[in-house]
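The values are calculated or read from the model by the stated rules, or taken from the named source; none is laboratory data. Predicted model, so just to flag it, every value in this text is computed and none were measured. With ideal geometry, Cβ positions are generated from the backbone for all residues, glycine too; neighbour counts draw on all protein chains shown.
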Amino acid sequence: MLTGRCHCGRNVFELDGELPSALTRCTCSFCASHGVLHAYFEPQQLRVVEATSDAVYRWNKKLVAHHFCSACGCNLYSDSPAFQRDGSWDGHTRRIGFNARILEGVVAADLPVQEIDGKNLW
């Protein structure tokens, strides 16, 4: 079980699973501007323990819900289509891109990272 929380602690999460073998850096304009390193999970693996200040930002086609703390500003996770590496999507499968930088006991910068060319795919 992994636990994550925003800086102020108003949003707390549990993830039923282990860290993936590599985190993901997306180059889309939103992710690149925030510097998030994503750890991907199935939606049912995410448990919201507390969400006192959870806010959502959607842009462009509004397919991705970017959750952030409205109090301290931390990026929490993104609920997005399960896009394939070529940018395709089956139209219904979703995934959670959790901000590995807010996972307790994890130093995300020390883990292997793969890059997704979100700048040109979506």
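What the table below lists for this structure:
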read-out	value
Subset of the range 83-111 [surrounded by 14 or more Cβ atoms within 10 Å (Cβ to Cβ) and either polar (S, T, N, Q) or closer than 15 Å to Lys61 by Cβ (or both)]	Phe83, Trp89, Arg94, Asn99
Filtered residue count, the range 84-98, keeping only those that are in contact with a His (Cβ under 7 Å, 6 or more places away or on another chain) and of a type in the set (A, V, I, L, M)	0
Ser78 modelled with pLDDT of 95 or more, farther than 21 Å from Leu19 by Cβ and not aromatic (Phe, Trp, Tyr)	no
Per-region count, the range 84-98, residues under 14 Å from Pro43 (Cα atoms) and either touching a Gly at 6+ places or on another chain (Cβ under 9 Å) or touching a residue at least 24 places away in the same chain (Cβ under 8 Å) (or both)	5
Candidate set from the range 27-66 (those that are at pLDDT below 95 and among the aromatic types (Phe, Trp, Tyr)); member that is surrounded by the most Cβ atoms within 10 Å (Cβ to Cβ)	Phe30
Of all residues making up the range 86-108, the number that are under 21 Å from Lys119 (Cα atoms) and touching a helix residue (DSSP H, G or I) at 6+ places or on another chain (Cβ under 8 Å)	6
Subset of the range 26-40 (residues that are within 13 Å of Asn120 (Cβ to Cβ), of a type outside the set (A, V, I, L, M) and more than 12 Å from the chain's Cα centre (by Cα))	Thr27, Cys28, Ser29
Counted residues, the range 59-83 - those being touching a His at 6+ places or on another chain (Cβ under 6 Å) and over 17 Å from Tyr40 (Cβ atoms)	2
